[in-house]
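Colleague: Quick one: structure below, then a few questions.
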Amino acid sequence: MSATRHFQCTICGQCCYGLLPLTCKDAFANAARFPLGFVWTALRQGSKDYAMTATLGTTLTLAHRKELAVMITPTAYLPKSFPCPALGDDNRCSIHLNKPSRCRTMPFYPYRDERYQAELLKPRLGWACDTSTAAPVVFKDHQIVLRDDFDQERQALLEQAPVLRRYADYMFKYSPWLVGALTQASSQTKTRSVVTSLSSFLTATRNADAGRLARLQLPVLNDYATRTGGDAQLAEFHQNYRNWFQEMTYLSQRLDASPTCADASVRSD
Amino acid sequence: MMTLCPCGSIHDYEVCCGPIIAGTPAPTVEALVRSRYTAFVKCALDHVERTHAPEVRDDFNRADAERVTQQYEWRGLEIRRVTETGDTAKVEFVVRFRREQQELSTISVSGFRRDHGQWLYVNTESSQIAPQRVTKIGRNDPCSCGSGKKAKKCCGVALEVK
Ligand code: SF4
Ligand code: SF4
Ligand SMILES: [Zn+2]
């Protein structure tokens with residue numbers, strides 16, 4: 001376990017596809033770029049990441065004195081087959097200097113305890129990360145060698161935990177279906193997740209910037225709704241983009257006028 | 001000409017939920033629940049927002065509700081039980097609707113409070129969604145909206161009667 005680990009990114013771009021977990025700050029800073037949703041994952045007691053998940057997220061008490069640890073992650077909500085919109089044709093990140101802290105910390109993952117980080121260095125199928133001894137040592141004696149990005153992302157996650165907990169309390173109160181969905185998701189062998197909307201987060205946290213964020217999200221959601229239309233495999237993504245487009249339409253107009261639901265029409269295709 | 005109220009009361013909209021949605025205080029807690037349902041049918045969500053108790057008014061996700069009013073087809077409301085204790089009340093009710101080609105219903109128990117003569121929504125104690133068994137309603141079966149009227153006289157046909 002205490003072996004030194006090597007890692008070097010070869011810029012294959014493969015880890016820049018699909019869902020991208022973000023900090024709240026990164027999510028809002030990129031509201032004009034990413035379609036934003038909130039991904040909820042639940043862990044059962046006894047799971048290795050339980051304590052860290054409970055610290056960075058929340059816990060949910062179920063019947064029979066059972067408890068789940070729940071992580072709520074602001075996310076660039078993209079299908080697995082979709083590249084991040086910031087990924088350039090040369091497989092390089094086009095916003096490298098400003099990329100989200102999630103991307104800066106790769107391949108480490110501060111949602112997990114530091115001592116389990118070595119496991120994350122094993123490239124997933126199709127990833128071309130160099131983990132040979134020719135690559136620099138990145139993990140040694142159960143610790144990350146160059147740790148600034150990891151520490152910064154962990155710090156951001158710790159700082160935003162109270163806001164996410166407030167959001168979780170709100171959702172458990174007003175959306176009882178979520179409790180059932182998380183319980184179900186946690187009982188599956190493969191970790192599954194549940195997705196909720198930006199509008200619910202903005203409402204729960206009384207975000208004063210809701211109108212501006214909604215206006216930034218509108219063209220993004222419209223674009224992704226168009227690109228996912230007509231593909232049965234992407235039906236859930238498509239429906240969420242369309243739903244959120246309608247919700248953001250309302251929020252973007254709320255301060256300007258007092259619209260009725262008839263005003264918020266989504267393109268239908 | 002009259003228009004049957006969507007709440008299933010078999011009264012004219014103009015004397016049932018209409019005035020309450022327009023701002024007249026609901027005379028009973030049941031009338032408030034009916035009018036809040038009808039406000040969803042009529043896309044009149046100002047009424048729903050206004051009749052949240054002040055301490056939970058900002059919790060109302062109006063953007064989500066606006067989407068729901070557009071996307072769902074409303075099938076009916078059934079008030080199951082009203083328990084009033086002075087200025088507080090609990091109401092159990094069922095809302096039936098169609099969403100993404102599915103007939104669904106939610107059964108909820110909500111709490112209400114009377115402030116200065118105004119009934120207000122306070123909380124939801126429980127709410128469960130269930131797929132609605134899809135049974136074909138015959139023209140002479142009771143309407144699914146819970147009004148007790150025959151389907152052909154209620155939601156099954158145009159709601160306008162002379
Ligand atoms: S922001 Fe850059 S590094 Fe991060 S997923 Fe997108 S392209 Fe990749
Ligand atoms: S998968 Fe590995 S090699 Fe490819 S871009 Fe991501 S970190 Fe770099
Ligand atoms: Zn009525």
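The values are calculated or read from the model by the stated rules, or taken from the named source; none is laboratory data. All of these numbers come straight from a predicted model, not from anything done at the bench. No Cβ is skipped: glycine too gets one built from the backbone with ideal geometry, and neighbour counts run over all protein chains shown. Note: areas computed on protein heavy atoms with side chains; ligands, DNA, RNA excluded. Shrake-Rupley method; radii C 1.70, N 1.55, O 1.52, S 1.80 Å.
Colleague: Restricting to segment A:122-139, name every residue that is open to solvent by 60 Å² or more (accessible area, probe 1.4 Å), within 25 Å of the chain's Cα centre (by Cα) and more than 16 Å from ligand 1 (Cβ to nearest atom).
Modeller: A:Lys122, A:Leu125, listed by residue number.
Colleague: Also, I was wondering about something else. Among the listed residues A:Ala76, A:Ala63, which satisfies the condition of being closer than 30 Å to B:Asp64 by Cα, among the hydrophobic types (A, V, I, L, M, F, W, C), loosely packed, with under 14 Cβ neighbours inside 10 Å and without any contact (Cβ under 8 Å) to a residue 60 or more places away in the chain?
Modeller: The conditions single out A:Ala63.
Colleague: When the residues of segment B:46-61 are filtered to those that are closer than 18 Å to B:Ile20 by Cβ and away from ligand 3 (no atom under 16 Å from the Cβ), which remaining residue is farthest from the other protein chains (Cβ to nearest Cβ)?
Modeller: Per the criteria, the residue is B:Ala53.
Colleague: Which of (1) in a loop (DSSP other than H, G, I, E, B); (2) more than 12 Å from B:Gln118 (Cα to Cα) does B:Val48 not meet, given it meets every other one?
Modeller: (1)
Conditions (1) touching a helix residue (DSSP H, G or I) at 6+ places or on another chain (Cβ under 7 Å); (2) among the polar types (S, T, N, Q), marked per residue:
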residue	(1), (2)
A:Pro100	yes, no
A:Phe108	yes, no
A:Glu119	no, no
A:Cys129	no, no
A:Thr133	no, yes
A:Ala161	yes, no
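Colleague: Looking only at residues in segment B:56-105 that are surrounded by 15 or more Cβ atoms within 10 Å (Cβ to Cβ) and among the hydroxyl-bearing types (Ser, Thr, Tyr), which one is farthest from B:Val41 (Cα to Cα)?
Modeller: Per the stated criteria, the residue is B:Ser105.
Colleague: Quick check on segment A:157-177: of everything there that is of a type outside the set (Phe, Trp, Tyr) and surrounded by 19 or more Cβ atoms within 10 Å (Cβ to Cβ), which residue is farthest from the other protein chains (Cβ to nearest Cβ)?
Modeller: Here the residue is A:Leu157.
Colleague: (1) at pLDDT below 95; (2) closer than 24 Å to A:Ala69 by Cα; (3) of a type in the set (Val, Ile, Thr): which one isn't true of A:Val138, the others all being true?
Modeller: (2)
Colleague: Kindly provide the set of residues from segment A:1-47 that are of a type in the set (Lys, Arg) and within 16 Å of ligand 2 (Cβ to nearest atom), ordered by number.
Modeller: The answer is A:Arg5, and nothing else.
Colleague: Further, regarding this structure: Looking at (1) more than 23 Å from A:Lys173 (Cα to Cα); (2) more than 10 Å from ligand 3 (Cβ to nearest atom); (3) open to solvent by less than 10 Å² (accessible area, probe 1.4 Å), which is the one condition that is false for B:Cys7?
Modeller: All conditions are met except number (2).
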